[in-house]
Amino acid sequence: MTHKKSAITIDDLGKRYLLGSGGGERYRALRDVIVNGITGLFKRDRSQQEQKEFWALRNVSLRVEEGKSFGVIGRNGAGKSTLLKLISQITEPTEGEIRLRGRVASLLEVGTGFHPELTGRENIFMNGSIMGMTNAEIKRKFDEIVDFAEIAKFLDTPVKRYSSGMYVRLAFAVAAHLETEILLIDEVLAVGDAKFQKKCLSKMENVSASGKTIMFVSHNMASVKNLCSKCIWLDSGRVKMIDDADKVIDSYLLAGEEMGAQKVWNDQDAPQNSWVKMRSVRLLNESEEPAANFKTSEPVLIELVFEVADDGNRIVTGYHMFRRGTFLFSASDQDHNEEKNIRYGKGVHKVVCVVPANLLNYGEHNLEFVIGVNNAQIKTGEVLSFRVFNDYPTEWLGEVRPKLEWRI
Ligand SMILES: Nc1ncnc2c1ncn2[C@@H]1O[C@H](COP(=O)(O)OP(=O)(O)OP(=O)(O)O)[C@@H](O)[C@H]1O
Ligand SMILES: [Mg+2]
């Protein structure tokens with residue numbers, strides 16, 4: 001029993017989506033509805049056939065005490081963003097209840113931010129008023145926000161012209177500075193540069209010290225540990241553990257739950273048969289550095305290292321790409337040249353597939369690797385995970401976002 005008041009009380013919360021509909025429902029920020037300008041062409045609801053049900057979140061109950069920081073962790077697709085979207089009322093719960101004490105400011109995933117046609121200045125005022133602030137209150141905070149975001153020069157530019165970095169800086173500054181009692185922050189910080197991420201984390205510490213309640217989603221365990229006293233670990237939409245942040249994070253890391261941008265197998269665990277053995281897989285950016293976050297305008301390099309026991313086998317490598325649970329495409333080294341079935345001799349081989357810039361849409365992507373050898377196959381299951389961020393602040397419908405030639 002605690003005598004402290006709860007800022008956030010959640011009872012038996014559940015959210016059900018329809019699988020394969022690529023969105024189930026179009027979530028839409030309140031501010032989009034107010035401004036009412038969102039481009040109809042890409043935002044229109046589509047009629048869809050009956051699809052399989054899927055619970056993104058279920059039976060989640062928790063309390064966050066006033067003035068505390070609460071972490072949310074779990075592997076990709078665990079339901080973290082869904083939880084924050086529900087709390088910020090961007091989407092409706094299918095079941096259960098959420099009670100909040102105070103106003104909420106949030107910095108969530110793409111599609112929930114500013115209005116693209118409005119300038120930085122206009123967006124600050126619009127956000128403030130949506131959060132229930134008076135004009136005088138917003139004016140008082142205005143300079144601090146602009147200063148923190150480092151966008152003074154671009155204040156009167158529509159935010160659709162901002163780089164993703166500028167956009168996130170402004171969005172964070174607004175959420176953190178406005179006078180709300182509760183602050184929700186999703187992973188988005190990952191797009192900022194390292195210096196800005198640090199600045200945001202220390203701002204959150206200040207905000208927390210000043211008595212605001214914070215809910216913080218991150219894959220960066222060090223930041224969660226640093227900022228949060230309590231933490232929830234979500235696993236496939238269910239609560240795996242709620243406890244002191246230190247305990248939860250230790251268990252999470254021990255369980256090796258975090259699907260990352262790299263996987264190295266040891267001899268016994270490696271997917272293998274008598275002809276081939278997987279060694280490692282990883283994701284690289286254009287400069288061939290390991291990376292887990294990509295912009296839509298960047299290529300994604302996918303590397304597979306494997307070992308072949310003997311000469312003379314017919315071997316084909318490839319992978320399956322998934323986006324938010326949807327099978328996007330498969331790729332194979334058979335596309336490498338006209339000569340089908342490249343022959344890999346005895347020894348260790350490295351292949352890299354380049355997914356071109358301007359093909360993937362935003363969101364979490366997972367990879368499963370496959371090696372076909374003679375008439376058998378070895379598969380890794382989904383082992384790698386990465387996220388793609390929009391270069392522009394608008395949400396784009398569809399599983400991919402190809403940049404095509406237009407003849408006009
Ligand atoms: N609008 C939607 N329609 C259908 N399914 C959805 C929708 N939004 C999310 N999902 C699915 O719900 C599950 C939970 O998604 P969510 O975005 O909450 O995960 P997450 O924990 O935030 O993951 P990540 O760490 O990658 O951000 C995922 O399987 C996702 O594909
Ligand atoms: Mg998320």
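What to note about this one:
- Conditions (1) buried (at least 16 other Cβ atoms within 10 Å of the Cβ); (2) in a strand (DSSP E or B): number failed by ASP391: (2)
- Boolean, LEU19 is at pLDDT below 90, within 24 Å of GLU205 (Cβ to Cβ) and in the same structural domain as ILE182 (by TED's automatic domain parsing): no
- Scanning the range 140-163 for residues that are surrounded by fewer than 13 Cβ atoms within 10 Å (Cβ to Cβ) and basic (Lys, Arg) yields one hit, LYS153.
- Applying the set (1) modelled with pLDDT of 95 or more; (2) under 28 Å from ALA171 (Cβ atoms) to PRO402 leaves exactly one unmet item: (1).
- The sole residue among SER208, SER129 that is assigned by TED's automatic domain parsing to the domain that holds HIS115, part of a helix (DSSP H, G or I) and touching a strand residue (DSSP E or B) at 6+ places or on another chain (Cβ under 8 Å) is SER208.
- With respect to being more than 16 Å from ligand 1 (Cβ to nearest atom), modelled with pLDDT under 90 and assigned by TED's automatic domain parsing to the domain that holds ASP244, ALA105 fits the description.
- Test: residue in the range 149-162 that is closer than 25 Å to GLU187 by Cα, assigned to a helix (DSSP H, G or I) and in contact (Cβ under 8 Å) with a residue 60 or more places away in the chain: yes
- Tabulated pairs, the range 338-366, first more than 14 Å from PHE306 (Cβ to Cβ) and of a type in the set (Asp, Glu), second at pLDDT 95 or above and within 16 Å of ligand 1 (Cβ to nearest atom), C-beta under 7 angstrom, 6+ apart or interchain: none
- The single condition among (1) in a helix (DSSP H, G or I); (2) of a type in the set (D, E, K, R); (3) out of contact with any Leu (no Cβ under 7 Å at 6 or more places or on another chain) that LYS141 does not satisfy is (3).
- Among the residues making up the range 59-102, those that are within 16 Å of ligand 1 (Cβ to nearest atom), of a type outside the set (A, V, I, L, M, F, W, C) and within 25 Å of LYS247 (Cα to Cα) are ASN59, GLY71, GLY74, ARG75, ASN76, GLY77, GLY79, LYS80, SER81, THR82.
- Tally of residues being among the aliphatic types (A, V, I, L, M) and at pLDDT below 80 across the range 173-203: 5
- Any hit, the range 249-256, residues being in a loop (DSSP other than H, G, I, E, B) and out of contact with any strand residue (DSSP E or B) (no Cβ under 6 Å at 6 or more places or on another chain): yes
The values are calculated or read from the model by the stated rules, or taken from the named source; none is laboratory data. Note that the structure is a prediction, hence the values are computed from the model and not measured. A quick note on method: Cβ atoms are made from the backbone with ideal geometry, for glycine too, and the neighbour counts reach across all protein chains shown.
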